[in-house]
Amino acid sequence: MAEKYNKLFNEFPPVSTQQWMDKVTADLKGADFNRRLVWKTNEGIDVQPFYREEDLEKLDYLNSLPGEFPFVRGNKKNSNEWLVRQSIQVNDLAEANKKALTYLMKGVDSLAFVFVEATELSVVDLAVLLNDIQLDAVEVNFAGNCCSRKVTEAFAAFVKQGNWDPKSIRASVEYDPFGKYALYGKFRKNQEHVVENAIKMIQSTSELSKFKTLAVNGKNFGNAGSSIVQELAYSLAQGAEYLTTLTEQGLEIDTVAKKMKFNLSISANYFLEIAKLRAARLLWAQIVKAYNPECECSCKMTIHAETGSWNKTVYDPYVNALRTQTEAMSASLGGVDSMTILPLNAIYENSTEFSDRIARNQQLLLKEESNFNKIADPGAGSYYIEELTASIADQAWKLFLEIQEKGGFMAALREGFIQAEIKKMAAKRDMNIATRRENLLGTNQFPNFNEKLDQEVNASVFAPVDLTLEDAEFETLKPYRGAQAFETLRYKTDVYARTNKRPLAFMMPIGNLNMRKARAQFACNFFAVAGFDVLDNNGFETVEEGWKAAQEADAQIVVICSSDDEYTALAPAAFEAIAGKAIFVVAGAPASTDELKAKGIANYINVKSNLLAELKQYQSLLNI
């Protein structure tokens, strides 16, 4: 068998990088290689069209195994196992417990109790909330508006009363005072108070070695529109700030590092997200090592991944399930320790039994049917993923050092540096969505023509989350969704249509068959994004015939769809026939545009249009 393989391989001599480049150059026929084939990401990374083994020669971490420092290949040696977490909103302790037991029977092994109202839990309260939950087999997490220090102390006492082995208990409290500072703009008391709380929480759970009392909510950066590199760099800087602050107060680095958990968002950037998680562990290991821990195990980064909200949509919400599925794949392949998949409707209403079941099963399918949990670091050795890991690590480290030069996370936050950089990136991404360089399926591209929102929607769904306190010390982070501007636009049409006729965009295909079909389809998608009704047609022999059909349909917008050459004669003829009785639009960017504008034709739509701005203009013309 070996001889056969050797002979087979000998028939295929190696191909050098230069030979590949020569072939690519020839196929491009003079086109610029970098413009046509190199993907320039928001992270400042130039992704090449192909990678080769030689690209790995400069990477010095490849000799490590899974479970070994610097943990780029994961914290686990023999598997890629992660905990399936599901969140429960707590309004009533007994009802939350009932729901938790139901989830556990359906495959969940990590629970997050999210408190909406400010709550101080006692040992008695925990006995109700955690009744019949085997803490040595299930991870429990407390988040939201529960008093973190009180919960921590009560939980430690509860475990002691229950005679569980404290070393076997996996749990966490989402205590992230520096992260909240970024959202609220000030501490409710002062920084000394929150640091004192953190110290006492760590000390009160010293016997609970797997209890995480400090959270770094990097997801807040991702959900505010940051790039992958920014989310990672700012999360690392925030984590380092906790390490420095608490060790300066006398705590050991091993103690502090082992009490921390990073909560990161996962975006739709499939391979970059896999690489981000690997790069995160690599960099965090180096940061903790700089504090001289006694055990390299303290350098492990515990990561909880949550599917991001930035790219989720109110319209066509079932697409959210497709988005979260690829995000969950990225998170699992990247080696997270636990994961939450947001239900498909989570951004605009309380989750339902159906949406909770779908979200839960998305993870279970990856485990039980796809075996994503079986192989440690499945992306290892992939030229592409390894190169992305190194590139993200390099870019994030540079940004991390820039923050350190400013005095660290808190100093950079007070200076406004972090917020300004995220706003700059978010504005770039917003423009990409407005011009459809970044697609949100069902929102700014290929909308569901028949979808209407007839019920009232809370205005907060379409607005950024602003938690800024009075007398805030700086401009705060405001998480939002990239789709909100388009959703506001479309919802405005839906509200208008409740008491008025919904605007109709009528397609007037004429002339060249291929061009008219393509442009009619483009124009239908264009106007449907704003919630307008659209009417496509097979084609018309004359503009008079088309205008007559448009009048019969009671159209407010008429879009002529033809070839560039034919527009020279057809567009003026249609414009004159319509005579201002409807908004006339040309689909395309013909060479004769200046001549057509001189004749009074003002409206053009094409792939370079700012979709958002132009649809707002059409709404204004229609008095919506």
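The values are calculated or read from the model by the stated rules, or taken from the named source; none is laboratory data. All of these numbers come straight from a predicted model, not from anything done at the bench. A quick note on method: Cβ atoms are made from the backbone with ideal geometry, for glycine too, and the neighbour counts reach across all protein chains shown.
Summary table
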quantity	calculated
Criterion (outside any helix (DSSP H, G or I), closer than 28 Å to A420 by Cα and of a type in the set (A, V, I, L, M)) met by exactly one of A237, A215	A215
Positions within region 603-624 being among the small types (G, A, S) and touching a helix residue (DSSP H, G or I) at 6+ places or on another chain (Cβ under 9 Å), in sequence order	S609, A613
Any hit, region 19-41, residues being closer than 27 Å to A305 by Cβ, of a type outside the set (K, R) and surrounded by 11 or more Cβ atoms within 10 Å (Cβ to Cβ)	yes
Extreme residue, farthest from K259 (Cα to Cα), among residues of region 201-212 that are touching a strand residue (DSSP E or B) at 6+ places or on another chain (Cβ under 8 Å) and assigned to a helix (DSSP H, G or I)	M201
Leading residue by the ranking (surrounded by the most Cβ atoms within 10 Å (Cβ to Cβ)) among those in region 392-441 that are outside any helix (DSSP H, G or I) and among the aliphatic types (A, V, I, L, M)	L440
Filtered residues of region 368-390 (kept if in a helix (DSSP H, G or I) and over 17 Å from F271 (Cβ atoms))	E368
Subset tally (residues that are part of a helix (DSSP H, G or I) and closer than 25 Å to A411 by Cα) for region 160-200	18
Residues of region 474-495 that turn out to be closer than 30 Å to M410 by Cβ and touching a Pro at 6+ places or on another chain (Cβ under 8 Å), as a count	4
Residues located in region 196-236, provided they are under 19 Å from K424 (Cα atoms) and among the aliphatic types (A, V, I, L, M)	A224, I228, V229, L232, A233
Looking only at region 123-146, and only at residues there that are in a strand (DSSP E or B) and crowded, with 16+ Cβ neighbours inside 10 Å, the one that is modelled with the lowest pLDDT	C146
Matching helices (runs of 4 or more DSSP H) fully within region 518-624 where at least 3 residues are farther than 27 Å from V495 by Cβ and not charged (D, E, K, R)	543-552, 564-578, 593-598
Members of region 156-175 that are within 30 Å of A472 (Cα to Cα) and touching a helix residue (DSSP H, G or I) at 6+ places or on another chain (Cβ under 8 Å)	V173, E174, Y175
Subset tally (residues that are surrounded by fewer than 23 Cβ atoms within 10 Å (Cβ to Cβ) and touching a Ser or Thr at 6+ places or on another chain (Cβ under 9 Å)) for region 268-288	4
Unique match (being modelled with pLDDT of 95 or more and either at positive phi or touching a strand residue (DSSP E or B) at 6+ places or on another chain (Cβ under 8 Å) (or both)) among A215, A182	A215
Odd one out for L251, checked against (1) touching a helix residue (DSSP H, G or I) at 6+ places or on another chain (Cβ under 6 Å); (2) part of a loop (DSSP other than H, G, I, E, B)	(1)
Residue list for region 512-528, filter: in contact with a helix residue (DSSP H, G or I) (Cβ under 8 Å, 6 or more places away or on another chain) and crowded, with 24+ Cβ neighbours inside 10 Å	F526, F527
Pair list, Cβ < 8 Å and 6+ apart or interchain, from region 313-337 residues that are part of a helix (DSSP H, G or I) to residues that are surrounded by fewer than 22 Cβ atoms within 10 Å (Cβ to Cβ) and of a type in the set (V, I, T)	N320/I347; A321/I358
